[in-house]
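Notes follow once the structure below has been shown.
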Amino acid sequence: MTAVPAIALNNGVKIPQLGFGTFQIPPEETRVTTLAALEVGYRHIDTAQMYGNEKEVGQAVRDSGLDRSDVFVTSKLANDAHSRDDALRAFDRSLEEMGLDHLDLFLVHWPLPTRRDLVEIWQALEEIYRSGRARAIGVSNFQPHHLRRLMEGSPVVPAVNQIEVHPYLTQDEVRAFGAEHAIATEAWSPIAQGKVLDAPTLQRITERVGKSPAQVTLRWHLQRGDIVFPKSVTRERIAENFGLFDFELTAADMGEISALNRDERTGPDPDSFNG
């Protein structure tokens, strides 16, 4: 089985660089699909309270027969739990739903600019982290100014910032800020919901390396140093997305793909989205 590279987060916890995403996978399909991913070789599963499939993710992890220490599990705080007490209760529910005694990573899902102070929410995650029930804590969809606010109010720097990244939205500024402060970047919507796959640049590289456009795009993410977790509900595609470690892109390939940037989002703008 191919070994997936691991990245050391800023607290020393190691996270597999390639994971399996469960966004928009219906609960009734999540257990079987996640089990398929674990059978293929994925050891990093990403879910969220708002996805509605935490229970099935946890069941798949338990049913896989793998040691709990061998599977990295992430979830994220729901947007309706943005107070200290609500956040602590929501985290407890996640553990109960999944049947797990800890998470490897727990994230604030959205900054929600008109809601409560971000520092209060972050301090709740710090409590969870100190309890040992989350091995690392981080954020999702945060811009540099959101991150600065947290860092001004807390000594605990987020381990991860999970943001939308793909060749049409390269997020160079946010990624650079993360790198400066040892905050790992995770890329959601890594192929822009399929929108990038017909780009002539990707087609040319695909023909040369003998891989699919999705594989080429995911390899671009990995070589940039980001953590990526593609999603699929078909075993064939799940396996294809895992086949990223027997080829490399050249520096020219990397530059051509990055040049596709349009600053074009498929999801909400974090500075205006309020859940």
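How big is the antiparallel share of DSSP beta bridges in the chain, given as a percent to the nearest 5?
Counting DSSP beta bridges with both partners in the chain, the antiparallel share is about 15 percent.
So how much slack lies between residue 273 and residue 234, counting 0.36 nm per residue of separation and subtracting their Cα-Cα distance, in nm? Walk me through the numbers before you get to the answer.
Values: separation 39, 0.36 × 39 = 14.04 nm, distance 3.11 nm.
Full extension of this stretch gives 10.9 nm more.
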For this session: Report the full-extension gain for the segment residue 69 to residue 102: residue separation times 0.36 nm, less the Cα-Cα distance, to one decimal in nm.
Result: 10.8 nm
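Please arrange 76, 195 by accessible surface area, largest first, computed with a 1.4 Å probe and ligands excluded.
So the residues, ranked largest to smallest area, are 195, 76.
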Seminar exercise, completed: From the Cα centre of the stretch 41-110 to that of the stretch 184-223, the distance in Å is 28
Seminar exercise, completed: Once amide hydrogens are built 1.01 Å from N within the peptide plane, the residues lying 5 or more places from residue 77 or on another chain with amide H under 5 Å from its amide H are 107, 108, 109
Exercise. Suppose every K and R has +1 on its Cβ and every D and E has -1 on its Cβ; what is the size of the dipole of the chain about the Cα centre, in Debye to the nearest 20?
Worked result: 180
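Largest first, what is the accessible-area ranking of 244, 197 with a 1.4 Å probe?
197, 244
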Seminar exercise, completed: Once 180, 97 are ranked on solvent-accessible area with the largest value leading and a 1.4 Å probe, the list reads 180, 97
Seminar exercise, completed: So the FRET efficiency between residue 254 and residue 119, C-beta based with R0 = 25 Å and rounded to 0.05, is 0.10
For this session: Send over a whole-number figure in Å² for the accessible area per residue of the chain, probe 1.4 Å.
Result: 42
Problem set entry | Read-out Rg and Dmax of the Cα atoms in Å, derived from the coordinates shown; its label in (i) 17.9, 54; (ii) 17.7, 58; (iii) 23.1, 91 | (i)
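Sum -39500 (n - 2.57) across every DSSP H segment of at least 4 residues in the chain, then divide by the residue count to get the 222 nm mean residue ellipticity, nearest 500. Let's see the in-between values first.
Numbers: 10 runs with 110 residues, N = 275.
Rounded to the nearest 500, the figure is -12000 deg cm²/dmol.
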For this session: Sequence neighbours fewer than 8 away in the same chain don't count; with that in mind, list the lysines whose C-alpha is under 27 Å from residue 14.
Result: 55, 76, 231
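In the stretch 164-275, carbon and sulfur make up what percent of the accessible area (probe 1.4 Å)?
On the way: 2370 of 4990 Å².
C and S fraction of accessible area: 47 percent.
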Seminar exercise, completed: Rounded to a whole %, the carbon-and-sulfur portion of the accessible area of the stretch 1-80 at a 1.4 Å probe is 48
Exercise. Expressed in nm to one decimal, what extension gain is obtained for the pair residue 88 and residue 208 from 0.36 nm per residue of sequence separation less their Cα-Cα distance?
Worked result: 38.1 nm
Exercise. Once amide H atoms are placed 1.01 Å from N in the peptide plane, what residues at a sequence separation of 5 or more from residue 14, or on another chain, have their amide H within under 5 Å of its amide H?
Worked result: 9
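Pairs of Cα atoms under 8 Å, at least six residues apart: use those to get the relative contact order of the chain, whole percent.
Values: 492 pairs, mean separation 53.2, N = 275.
Reported relative contact order: 19 percent.
The values are calculated or read from the model by the stated rules, or taken from the named source; none is laboratory data. Given the structure is predicted, the values throughout are model-derived calculations rather than measurements. Positions of Cβ are generated from backbone atoms using ideal geometry, with glycine treated the same way; all protein chains shown enter the neighbour counts. Surface accessibility is based on the protein's heavy atoms, side chains included, excluding ligands, DNA and RNA. Shrake-Rupley method; radii C 1.70, N 1.55, O 1.52, S 1.80 Å.
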